[in-house]
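The values are calculated or read from the model by the stated rules, or taken from the named source; none is laboratory data. None of the values given here were measured: they were computed from a predicted structure. Cβ placement follows ideal geometry from the backbone for every residue including glycine, while neighbour counts extend to all protein chains displayed. Please note that ligands, DNA and RNA were not included when accessible areas were found on the heavy atoms of the full protein model with its side chains. Shrake-Rupley method; radii C 1.70, N 1.55, O 1.52, S 1.80 Å.
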Amino acid sequence: MTQDSVFPHPNLEELERVLLGISSNEKPVPLAERFRALFSLKALKTEQAVHIVAKAFRDDSALLKHEVAYVLGQMKNPAALPCLETVLRKLDEDPMVRHEAAEAMGAIGDKSSLPILTEFLQDDSPDVSQTCELAIEKIEFDSNEAASGVKNSIYQSIDPAPPAFEDLPVAELKKILLDETLPLFKRYRAMFGLRNKNTSESVLALAEGLDDSSALFRHEIAFIFGQMQHPASVPALIKSLSKEGEAAMVRHESAEALGSIATPEVLEVLKKFSKDPEQVVRESCIVALDMYEYENSDQFQYAHVV
């Protein structure tokens with residue numbers, strides 16, 4: 001699949017049609033194309049783009065809705081806050097989607113979100129309650145003078161916590177990362193500090209976090225492996241994706257990370273799990289296979305910029 005075959009002459013109406021799966025020829029719109037449309041809209045960051053993206057919360061796919069929430073947070077436009085609050089309050093929604101809505105509120109960083117996030121600190125889903133904890137800490141951190149000394153992410157992302165302790169050796173950072181008695185926000189800061197080092201040693205330290213008791217924590221490790229694109233993480237990600245009984249949100253991030261890293265050995269693994277009984281894992285592998293194709297092609301960019 002080439003970029004031009006997805007969006008020959010992209011405009012907002014076309015991107016909206018593809019994102020929402022509205023076919024012009026009665027054939028289903030492939031999920032991978034819908035993801036590319038989503039990330040094309042993400043680049044715009046306008047209020048109009050926010051409203052188009054938010055329409056995809058009506059979809060049946062928890063994976064797509066989760067990614068929609070992520071994108072709205074990365075757009076950092078406060079116009080997204082009302083729909084994100086609605087998703088967080090929807091108790092029958094997949095916790096993976098609700099967690100991402102809370103994280104997006106933290107990424108946008110508006111203090112008006114604090115009462116809502118506080119309300120869900122005792123949510124029945126640990127993934128949601130822990131995300132609200134992190135989002136509150138992030139908003140409060142960003143409002144302090146200390147935040148002015150933190151560099152922007154080298155990965156062009158708004159992270160759930162700013163990196164820290166980067167001057168420490170990997171062994172010390174790993175000690176903070178794996179200490180479950182420490183506040184989650186501090187451990188996340190160590191996690192992103194290790195990410196920014198992006199060495200084989202830091203990858204192996206992060207991989208030990210895939211045994212953490214928190215599925216949210218494990219899923220974040222898998223996500224940043226996708227950002228790092230370091231081949232040393234591939235064995236741990238394959239193990240995570242293949243692990244019987246592992247949370248779907250962790251396996252989903254492991255699949256997408258493998259697609260991003262796109263070394264030859266991941267292809268057959270992704271093909272295998274594209275038939276997984278778990279829908280979110282299946283769909284993640286389909287998207288990851290598209291990412292694999294992109295990473296091994298001469299395409300200039302994954303998303304088509306309008």
- Using a 10 Å cut-off on Cβ atoms, rank the peptides 241-251, 165-175 from the highest mean neighbour count down. 241-251, 165-175
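Given just the C-alpha atoms of the range 131-184, how large is their convex hull per residue in cubic angstrom? Before the final figure, lay out the partial values.
Values: hull volume 5.6 nm³, N = 54.
Each residue corresponds to 103 Å³ of Cα convex hull volume.
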- Query: Dipole magnitude of the chain about its Cα centre, charges +1 at Lys/Arg Cβ and -1 at Asp/Glu Cβ only, in debye to the nearest 20?
  - Reply: 300 debye
- Query: What nm value, rounded to one decimal, do you get for the distance between ILE22 and LYS239 when each label is placed 7 Å out toward the C-beta?
  - Reply: 4.7 nm
- Item | Size of charge dipole - the range 101-259 - debye, nearest 20, with Cβ of Lys, Arg +1 and Asp, Glu -1, no other charges | 500 debye
- Item | the range 21-112: GluC sites (Glu not before Pro) falling in loop per DSSP and having at most 13 other Cβ within 10 Å | GLU26
- Task: Kindly sort MET105, MET291 by accessible area of their heavy atoms, largest first, with the probe set to 1.4 Å.
- Result: MET291, MET105
- Query: Given a cut-off of under 8 Å on Cα pairs at least six residues apart, what relative contact order in percent is computed for the chain?
  - Reply: 14 percent
- Note on the structure: Scalar couplings 3J(HN,Hα) for the range 257-262 by Karplus 6.51 cos²θ - 1.76 cosθ + 1.60 (θ = phi - 60°), nearest whole Hz, x for Gly and Pro, are 5, 4, x, 6, 6, 6
- Could you give the length gained on full extension between LYS271 and GLU13, defined as 0.36 nm per residue of separation minus the Cα-Cα distance, in nm? 89.6 nm
- Can you give me the relative contact order of the range 141-289 as a percent, contacts being Cα pairs under 8 Å and 6 or more apart? 15 percent
- Task: Tell me what the chain gives for mean residue ellipticity at 222 nm when only DSSP H runs of n ≥ 4 count, each as -39,500 (n - 2.57), the sum divided by the residue total, rounded to 500 deg cm²/dmol.
- Result: -18000 deg cm²/dmol
- In Å², nearest 10: area of TYR294 left accessible to a 1.4 Å probe: 40 Å²
- With θ set to phi - 60° and the Karplus curve 6.51 cos²θ - 1.76 cosθ + 1.60, what are the ³J(HN,Hα) couplings of the range 235-242 in order, to the nearest whole Hz, using x for Gly and Pro? x, 5, 5, 5, 4, 5, 5, 8
- Item | Heavy-atom SASA rank of LYS65, LYS76, LYS275, LYS111 (probe 1.4 Å, accessible area, largest first) | LYS275, LYS111, LYS76, LYS65
- Query: Within straight cross-link reach of LYS76, meaning Cα distance under 13 Å, which aspartates and glutamates are found once same-chain residues fewer than 8 apart are removed?
  - Reply: GLU47, GLU103, ASP110, ASP159
- Task: May I ask which residue of PHE57, ALA247, ALA288 lies farthest towards the positive end of the charge dipole of the chain, with charges of +1 (Lys, Arg) and -1 (Asp, Glu) on Cβ and the Cα centre as origin?
- Result: ALA288
- Subtract the Cα-Cα distance of THR118 and LYS175 from 0.36 nm times their separation in residues, and report this length gain in nm to one decimal. 17.6 nm
- First measure r as the distance between the Cβ atoms of GLU208 and LYS55, then evaluate 1/(1 + (r/R0)^6) with R0 = 35 Å and state the FRET efficiency to the nearest 0.05. 0.30
- Query: Residue farthest toward the positive end of the dipole of the range 53-130, with Cβ of Lys/Arg at +1 and Asp/Glu at -1: which of ALA69, VAL128, VAL97?
  - Reply: ALA69
- Within the accessible area of the range 155-281, what % is carbon and sulfur when the probe is 1.4 Å and the other protein chains stay in place? 54 percent
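Quick one: compute the contact order of the range 26-184, relative version, from alpha carbon pairs under 8 angstrom and 6+ residues apart, as a percent.
Once normalised by length, the contact order is 16 percent.
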- Task: Along Cα→Cβ, 7 Å out, is where each label goes; now give me the distance between the ones at VAL150 and GLU166 in nm to one decimal.
- Result: 1.2 nm
